[in-house]
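Reviewing the structure listed below.
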Amino acid sequence: MAELESLETAAEHERILREIESTDTACIGPTLRSVYDGEEHGRFMEKLEARIRNHDREIEKMCNFHYQGFVDSITELLKVRGEAQKLKNQVTDTNRKLQNEGKELIVAMEELRQCRLQQRNISATVDKLTLCLPVLEMYSKLREQMKSKRHYPALKTLEHLEHTFLPQVSHYRFCKVMVDNIPRLREEIKELSMSDLKDFLESIRKHSDKIGETAMKQAQQQRNLDNVVSQQPRISGGKKSKKEFSASSELEVKNTSPMSEQDSGILDVEDEDEEEEVPGAQDLVDFSPVYRCLHIYSVLGARETFESYYRKQRRKQARLVLQPPSNMHETLDGYRKYFNQIVGFFVVEDHILHTTQGLVNRAYIDELWEMALSKTIAALRTHSSYCSDPSLVLDLKNLIVLFADTLQGYGFPVNQLFDMLLEIQDQYSETLLKKWAGVFRNILDSDNYSPIPVLNEEVYKKIVGQFPFQDAELEKQPFPKKFPFSEFVPKVYSQIKEFIYACLKFSEDLHLSSTEVDDMIRKSTNLLLTRTLSNCLQNVIKRRNVGLTELVQIIINTTHLEKSCRFLEEFITNITNVLPETVHTTKLYGTTTFKDARHAAEEEIYTNLNQKIDQFVQLADYDWMALEPGSRASDYLVDLIAFLRSTFAVFTHLPGRADVHSTMSGKVAQTACMSACKHLSTSLLQLLLEAEVRQLTLGALHQFNLDVEECEQFARSGPVPGFQGDTLQLAFIDLRQV
């Protein structure tokens, strides 16, 4: 058994030795562990030593076999060693020389490295400056634009700078400073643009009268052109005239672009002759400050603030414009300047309405116009009431019509202005009546109340041309001859026609129908006849120093004026083209006026005659206790009868009495004579019946009888033709019976 185990152990040790010889040293660990795990490691060591000695003997054998080759190799190695030492020395020497020679190269290379570094830095700097320079240039441009007051371009530059350039260089400190300044710059632009707007508003406030004057001139030109076209409907030109084109074309405004670089409010325009073209009203105004400020505030998100400010300021200006000067009523220029300012204000607002989107709207304009219309009408009513000159009132009416037409051309309703003109028409009529009252007074005061003498055919035709008078017998008479009426008849008739023309002038351009114009003229003419002329005639008739001859002439004159009323009717019909037969046509009341004047003159004649008789009778000095009568009638009565004869002789020789169609003066004379005789009879009877006459003698009665006979003799003598039989003597019948 022991031998068997010994053999197995020896075999195992042999196997392990082979593994050690054939196995990589890195994997020998498990093999050795198996040796130490066993109990025969001593024997294994012996085996291992034996194997090592075997290998040493084999190595020695091999070395002995190759020893000469080894010695030769060593010898060669020693030779190589010497050569290697030489080579080393050469290399060292070469290296030393190379080091010495390379020092300059190293310095040059260092310099090259520094240059390359600088080049990279410069390139990087150029790249950075390429980004920064546009920012600085834009900022410089911004400051320059703000300095030159180009606010809208400055705002555009600021927006471009903020959103395009600054984000690319935002990490630089100067850019951060710029970014911090942007809100302040925006606010500065807002303030500067608002300052320009304030200057613009102040400028148009001062120059609104010039703007309005130009607009009204243009409207006047257009109206004149329309009148020419309406008068020549058949004339049609191939091309519009220069004025027509200017008036009909839409008005354009210079520099209306928000990018405009000029900030002027009103452009200077020299006064032009009427024949030259009047520039458009809006051509005088540069609206660019408004547009720029509007755009700036819109970009900055403050459009509502701007709109509110603009409307508020314009409302304030409207109130100032609508405040009339206290002395406006004194001259037409006062009214003209007032209207010019109003027109100028609304011309500007109308243009702003049509050239901006929402800065003002139609409701705002209508509100302003309603306020302006009410204040203007109130001011005109107040100030026109102070006007007493019809020429000024007429000029004012024409100015108001032009004012209304101008604003109507811009789309504003003006019906209330024309309604107010109808009120002014009543005032105009009153001023005309006052003026014509003075005219009539001058005519009546300067008249000689004598028939107009005519020396030749020329004078005759001139008077007949002034007054519609036809008398075949007078035409047949040779020169010199006389018209039956005095000079105030044709003068009064001509002035009535002038009054009608004056009334017609006021009705022009009021857009009234022919019937309305006719009615207005007739009503005013009736007032002239029934009030003004009637009062003037009554005043002349009632004057203390008027004579009987003058009264008789007044009667004749009023008779002819009464007949001329139908010619006045025809005259009005011709100028208004409204027939008298038209329904609601007002009739002239001139016949009533002249009849009343004639009756007043007749009454004045009767009254004057009776007063004269009373004056003579007061001279009567009867001696009621006389014993013997006188040989003839009393002196006072003789003088009275002589006065009556001469007075009625005047009636007899008045022109027109021989006219069989005009028995007016004869009837007046008869009535006056009968009235005088009756009054004389009554006065004499009163002398007898006075309370102071308590008794009288037969001689006194005889003397009184002589006076009565003198009166009866006067009645029988026919002082006035036309009495039948003893009609006139009957006036003294009661006295005779007493």
In the stretch 44-77, what count of residues is obtained for those that are open to solvent by less than 100 Å² (accessible area, probe 1.4 Å) and basic (Lys, Arg)?
2
With closer than 19 Å to PHE345 by Cβ and acidic (Asp, Glu) as the only criterion, which of ASP405, ASP389 stands out?
ASP405
If the Cβ limit is 6 Å and pairs must be 6+ apart or interchain, which residue in the stretch 607-634 that is open to solvent by less than 40 Å² (accessible area, probe 1.4 Å) pairs with which residue that is of a type in the set (Asp, Glu) and in a helix (DSSP H, G or I)?
ALA633/ASP707; ALA633/GLU710; SER634/ASP707
The stretch 126-147 residues that are at negative phi, paired with ones that are of a type in the set (S, T, N, Q) (beta carbon under 8 Å, 6 or more apart)
LEU131/GLN168; VAL135/GLN168; MET138/THR157; LYS141/THR157; LEU142/THR157; GLN145/THR157
So, first residue under 16 Å from ARG315 (Cβ atoms) in the stretch 365-393, second residue buried (at least 16 other Cβ atoms within 10 Å of the Cβ) and aromatic (Phe, Trp, Tyr), Cβ within less than 6 Å, six or more apart or across chains; the pairs are TRP369/PHE412
Can you tell me how many residues in the stretch 346-376 are under 21 Å from PRO325 (Cα atoms) and open to solvent by 10 Å² or more (accessible area, probe 1.4 Å)?
4
I'd like to check something: does the stretch 534-554 contain any residue that is in contact with a Phe, Trp or Tyr (Cβ under 6 Å, 6 or more places away or on another chain), part of a loop (DSSP other than H, G, I, E, B) and in contact (Cβ under 8 Å) with a residue 60 or more places away in the chain?
no
The condition of being at negative phi and at pLDDT 85 or above holds, among ARG319, ARG292, only for ARG319
Is it fair to say THR530 is at pLDDT 80 or above, out of contact with any Gly (no Cβ under 6 Å at 6 or more places or on another chain) and among the hydroxyl-bearing types (Ser, Thr, Tyr)?
yes
Taking the stretch 384-401 and keeping residues part of a helix (DSSP H, G or I) and open to solvent by 20 Å² or more (accessible area, probe 1.4 Å) leaves SER391, LEU392, LEU394, ASP395, ASN398
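The values are calculated or read from the model by the stated rules, or taken from the named source; none is laboratory data. Computed from a prediction, not measured in an experiment: that's the story for all the values here. Glycine also receives a Cβ, built like all others from the backbone with ideal geometry; neighbour counts cover every protein chain displayed. Surface accessibility is based on the protein's heavy atoms, side chains included, excluding ligands, DNA and RNA. Shrake-Rupley method; radii C 1.70, N 1.55, O 1.52, S 1.80 Å.
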